[in-house]
1. Of L688, L611, L709, L715, which residue is at pLDDT 50 or above, among the hydrophobic types (A, V, I, L, M, F, W, C) and not in a helix (DSSP H, G or I)?
2. Based on this model, can you work out whether L1012 counts as under 59 Å from the mean Cα position of the chain (by Cα), of a type in the set (A, V, I, L, M), within 30 Å of A949 (Cβ to Cβ) and exposed (fewer than 14 other Cβ atoms within 10 Å of the Cβ)?
3. Among the residues of region 694-716, write down those that are open to solvent by 10 Å² or more (accessible area, probe 1.4 Å) and not hydrophobic (A, V, I, L, M, F, W, C).
4. Going by the structure shown, is R490 among the basic types (K, R), in a loop (DSSP other than H, G, I, E, B) and at pLDDT 50 or above?
5. Given the criterion modelled with pLDDT under 90 and open to solvent by less than 30 Å² (accessible area, probe 1.4 Å), identify the matching residue among L830, L740, L835, L757.
6. Condition test on Y1062, is it open to solvent by less than 20 Å² (accessible area, probe 1.4 Å) and at pLDDT 90 or above?
7. Which condition number in (1) surrounded by 20 or more Cβ atoms within 10 Å (Cβ to Cβ); (2) part of a loop (DSSP other than H, G, I, E, B) is the one that G733 fails?
8. Out of curiosity, is F882 surrounded by 21 or more Cβ atoms within 10 Å (Cβ to Cβ), more than 19 Å from L981 (Cα to Cα) and not small (G, A, S)?
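The values are calculated or read from the model by the stated rules, or taken from the named source; none is laboratory data. Given the structure is predicted, the values throughout are model-derived calculations rather than measurements. Cβ atoms come from the backbone with ideal geometry, glycine included; neighbour counts cover every protein chain shown. When the accessible area is computed, the model is the full protein with side chains, heavy atoms only, and any ligands, DNA or RNA have been set aside. Shrake-Rupley method; radii C 1.70, N 1.55, O 1.52, S 1.80 Å.
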Amino acid sequence: MSASAGDGEPCTPLDNAKEEVSGPTCTGDNSKHESSICSGSSEIKSRAVVKYCAAPPPTSYALLQEKTDLKLPPANWLRENPQLGSAGTTILGSSSKSKPFSSFGMAYEFIDCIGDDVDVVSDSENIKKLLKIPYSKSHLSMAVHRVGRTLLLDELDIQELFMRSSQTGDWTWLKEFYQRLIDQKWQRKKKSKEHWYQKAILSKFLYYSINGDGAAEPQSDGLNEGEEDSGADEFSSSWPTAFTSTSNAEESEAPKQESVTVDSSFALGQVTSVPKEQNLPTIFNEGENGQGLRNDFVRNIMWTFEDIHMLVGSNMPIFGGGRYPAVSLRLRDNNKPINILTGIDYWLDNLMCNVPELVMCFHVNGIVQKYEMIKTEDIPHLENSTFSTRVVKDIAQNVLSFLKSNCTKEGHTYWLFKASGSDIVKLYDLTTLCEEAEEEKYQNPFTLPVAVLLYKVASNLMLKARQNRKHYGTIRTLLLNCVKLLDQDRHPQIIASAHYMLSELFQLDEPLEEDGGESLRAGGSEDSYSDEDREEEEEEEDLTEDSDDDGSYSNCSSLQDDSKAVAVIRSVGELSVPEKYRSTHQIRPSCTFPVSQDKEERCRLVLSYVLKGLKAVDGSIKKESDLPAADPNTPIPLKYEDRSATGACATEKGISLLLERAGPLQGEQKHTTRSGMIPGSWQHHMKLKLFFKASKAYYVLSDAATNLLKYGRALRYIKLSLQCYDAYCSVSGTLHPHVLLFHSQCLSLCGDIQLMLAQNANNRAAYLEEYSYQTKEDQEILHSLHRESSCQAFSMATDLAMDPEYQLFVSSKCYEAAYELLVSEPLKDLTSDQLSQVLKRLGNIRNEMGVYYMNQAAAMQAEKEVKKSVSAAEQEMWKKSFGFFEKGMKDFEAIGDSTNTALLLCNTGRLMRICAQAHCNLSGNEGRGEFSPEEALYYNKAIDYYLQAMKALSSREKHSAVWDSVNWELSTTYFTLATLLQDYAPVSRKAQEQIEREVTEAMMKSLKYCDLQTDSARQPLYQYRAATIHHRLASMYHSCFRNQVGDEHLRKQHRSLAELHYSKAVSLFLSLKDAPCELLRTLLERVAFAEFTMAGQNSSTAKLKSLTGAIEIMTETRHAFQLIHKELQEEQTELNEPDSAESAESSDVANGPMAGLNLQEVMKLIGVFEPSFSFLLLQVIKLMTTAKRKPSNKDEELLKTYKNVYSKLLRAEKNAPLVSRVELYVELLQQLMQRTGSDDTGTRKP
């Protein structure tokens, strides 16, 4: 009777057992009652939890009257009865023994328990056979499979198998092997009539027990014929054929899967019950009974026997009611005593089902004699059936250790065999034997069930792996072994799904944990669970010397005829020795998982699995020749692309096509795809997943290449990623939000790469080489993509262009498309930081494009040979630049990014300055004309934008670098405006006083933004500018003082201001130490100012005082000449060195804007200095000589000094080298300084 977790009625709890009927899940340590069965002084720990029960609650059994004749059939005989389950109906049928795949049926249903929590999954009958090995002389033949740490045990009926082999030709290699090494005169042994008689008596007894009325109705006389028929057919209906790929309509429908529901992302679904149109062949020929891989047991029980956890299936009828809530019912011939094998049978059955009592009905020749009640714990002490429960426990532990130590390879079918009457138990690896026999591995009928089970366990673990990475290694091992077992042409669905799951193990979007990166150990086998790989060569080595006394087992090569066995138990008696067969191999708690810290390596692994999955899917789709022919009367729609359109238009067309896909979700596809896939088929679903995974992997590769500055490689990878996405869109009718969200990330990255390529145009050749390279794997994936799509939707966005403007344009369009995706209907409600990131990128690219067009305009302006009126091309560049700056500011304002908003305002200010420079007036001789109103307009606009930028930042603390930059630009703009007003005064439009007022106002504002206090790289520049401003203001007031006539008060004011600004300018230039020419010019102007003041004086005393003051100012030029002398000497030294050219270049670059000495300027200033110095000395000598009052000694010494200096100055060689002349000036000024008493710094005391 077949039943599943949801079909049968729940059993009522037995007296001391908690039954779980929650469905096929492994419950772990939930509240379960542990029953202990005592045997003598020793205690055996046994706990049984019913996981599933298809039988109704136990009912009372009918006590048959004495002398009831069991040879007569009851009226209800052989009718299906839920109380008996399959025990009654099949007791005479062909399936009286275990089904060959019974453990797989249970494993599929309780998939949670497989691989980790359970040691053994098997029919209770097989468990009993194993535990009776030392007591029984009968043969033993079982198939053993390993999944994780779980062993699956199934009966392997060799006789039945060979009978089928003689008909079908399958398994001939095993038959020959069996006859050669084990039983040379093999022949089928038929069951005796006594065997069938005893079965019939038991069946009738059970039906009498549930009937209860004692009535007996005779059945047809063909019972013996039926018995013989069933015996003859026994082998034909219970054993599967070898794998066949037929899919005829006459075949029975695919076996029913009672599996745990798993996530659609990983689950293969109903692997063996897929629709026929998918062309998946049936797993095996099911025969008339249609058993398949189903759970055919009435009960599934989680039985813990000592420390062994077993999932067992049992069909034993359980009765109850009244005084005995749970009993098992047995029929015994009163003439035959109970032997030890029967006692162990009864005891183990009751332990597994947690039944506390046994009711025994005795008969003589079919006539009921009496009933007897026996407690389960008393069964081991029955007369003639005494056995030690501790010994049974030792047998169980030894058998399990032996199997776990030797059945180490997943996917392999092991054969545990003991011949009838023999004490030797042998273990063979049938998979290896099959390969050695050069037979196809698919002739092993266990191959597909094992592969499907491995897949299902991996699928189940995949759900847990999201919370715990420790399962990754186990999952990988399970899936790799699953794939090894299957042929791609026959099972493409499982293979494709397995490879997709392998790719999913590598979570590309999660950072690796430092402690979570286990690496695949050297020498570790993927399909082995022992610490050492068991190579086939080891099996053939002679290990006779290893047969020491305490050895638990030896390789069978110690016996001459067992060279093919993996391991041998020399004597079944050894199984009774406690811990005789302790496992010598430490089983790994979890398999290793290869985790690489290298992103590219991980992505390449993912892509290799994706490619294998795609190949499996593509191979399962009908070839083109199988597709129906096109209707000649139906036109084929072709997509036309206008190649004459510009690249920009083509890109916009591609973007608009993309945005159409990002619109409202489309309906599911109803027509076959380009390759012939049917929408909704497994191929369709699998390709979607594989395409998307490949797109993700290429995205991660592109991102990693971008971080390494390999922009050509990055563009190639993002192109592949978008091609995968294009194929995904071609196959999918609906674009889900998470897909669109990922696609916006791809477009953003594509925009980043194109921007980087535009900014690094110098390396274009290297980038082109990276972009053109392609691996074979990439080509094969691309070939698979082309089966579904032309993959050209994003070609414009991912081509490597040579034009920076076009690259910037493509980058901006990628960002715009990403933005449109994020604000589209499917994504607008999703809260994500991605929108702000895309807006920031949009603002940035618009700034870049604004700067690009601004620089283009500046280049046009510089290239004009003769400055004419502003050209239309320049104005177009300005408009483009200004438009992009405006859009960029809106983007940054939308996300509240005041720093970047300030930067764009600053760039807009710079654009305004370029516009102002383009509007400068030119006079007829190409000289600079007056400062025009257009220049003033644009400079004032620039100032407005800089002030807005300052306002956006609000304070320096927000972003000091940007604040300093804006501050500098604002100061520069004011300074430029003032300088142009001063140098090219618009006297034709404005009065001199107004111009002076505007110049003063602009200079003072520029001075206001000269940050002299903050210690920064710009501090020397600020100092130089402040000194220049003071110098220019002083010059302006000097000029006003000279030209002012009439208003004495105003003249005094101008004189005072000129003196003040000259003093500040000298002080600042002195602090710079690298502006000697500026310092010298300022001092000479100041001397000239003193001379002009002296010219208006009449008194000799006043004139002498003014001259003395002028000479003191002149002595301050000593500092400037010292700096000039030092620089001249350094230049002379560099010229004398062999690498003078390189040194000169580096020094010019290193010292900034004031670096290098302008010799022409020095000569010009010396030309002013010498006559001025001579004049002052001559005038002071004259005044001191002609003075009326008697000179003091000090005055005489001073006069003598003046005369000496004047004499040396006159006698100086005019054609002497510049260095010598400067050296002379320094000497003369030093001599004067010592006499006049000037301070050491050279600054004049006020």
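1. L709
2. So L1012 fits the description; yes.
3. K696, Y699, D703, T706, N707, K710, Y711, R713, R716
4. The answer is yes for R490.
5. L740
6. So Y1062 fits the description; yes.
7. (1)
8. Against the criterion (surrounded by 21 or more Cβ atoms within 10 Å (Cβ to Cβ), more than 19 Å from L981 (Cα to Cα) and not small (G, A, S)), F882 does not qualify.
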